[in-house]
Amino acid sequence: MNGIQILLITGVVLVAVYFFVRLHNSVADILLLLALVSAAIIFIFFPDATNRIAHRLGVGRGADLVFYLSIVIFWFVILKLYVRIRQLEKIVIDVVRKDALNEAGKISSTDY
């Protein structure tokens, strides 16, 4: 095993452990993470496998295939984060509106 393989596997395992310990997500997210971690470990141990898969898919090198797949995964993550931010913005707006109406009601009822 090469030094880079040890470094990469350690990084992948640390990210997976962090995800499991800190974030409590849905079963689908956990299954997706397990699939990505498994694929990463397999490709780290068997780098020629990416070349074979890449040639079957019509991509020149395995590194290019991994890069293209990473772009797709990053787009998925960005879109998922965007949707979550929009949901949180809506929740904050609803809470602020409700609080403002409650405060306005308290102020107008004490004035009379």
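The values are calculated or read from the model by the stated rules, or taken from the named source; none is laboratory data. A quick note: this is a predicted structure, and the numbers were derived from the prediction, not measured. Glycine also receives a Cβ, built like all others from the backbone with ideal geometry; neighbour counts cover every protein chain displayed. What goes into the accessible areas is simple: the full protein's heavy atoms, side chains included, and nothing from ligands, DNA or RNA. Shrake-Rupley method; radii C 1.70, N 1.55, O 1.52, S 1.80 Å.
Rounded to the nearest 10 degrees, the inclination of helix 3-22 to the longest alpha-carbon principal axis of the chain is 30 degrees. Taking only the C-alpha atoms of the chain, the Rg (one decimal) and the largest Cα-Cα distance, Dmax (whole number), read 23.4, 80 Å.
Please identify which residues in the stretch 72-94 have an amide N closer than 15 Å to a label point set 7 Å out from the Cα of Glu103, following the Cα→Cβ vector. So the set is 93-94. For the stretch 54-110, the calculated P(r) over all alpha carbon pairs, in 5 Å bins from 0 to the bin holding the longest distance, is 4, 16, 11, 10, 10, 8, 8, 7, 6, 5, 5, 4, 3, 3, 1, 0 percent. Computed over protein heavy atoms with a 1.4 Å probe, the carbon and sulfur contribution to the accessible area of the chain reaches 71%. Would you compute, from DSSP H runs of 4+ residues alone, the mean residue ellipticity of the chain at 222 nm, taking -39500 (n - 2.57) per run and dividing by the full residue count, rounded to the nearest 500? So the helix-based figure for the chain works out to -31500 deg cm²/dmol. Cross-link partners of Lys98 among lysines, defined as those whose alpha carbon lies under 26 angstrom from its own and excluding same-chain residues fewer than eight positions apart: Lys90, Lys106.
Note on the chain: dipole from Cβ charges, positive end direction compared against Ile78, Val12, Asn2; the farthest Cα belongs to Asn2.
With contacts taken as Cα pairs under 8 Å and at least 6 residues apart, the chain reaches a relative contact order of 14 percent. Rolling a 1.4 Å probe over the protein heavy atoms gives the chain an accessible area of 82 Å² per residue.
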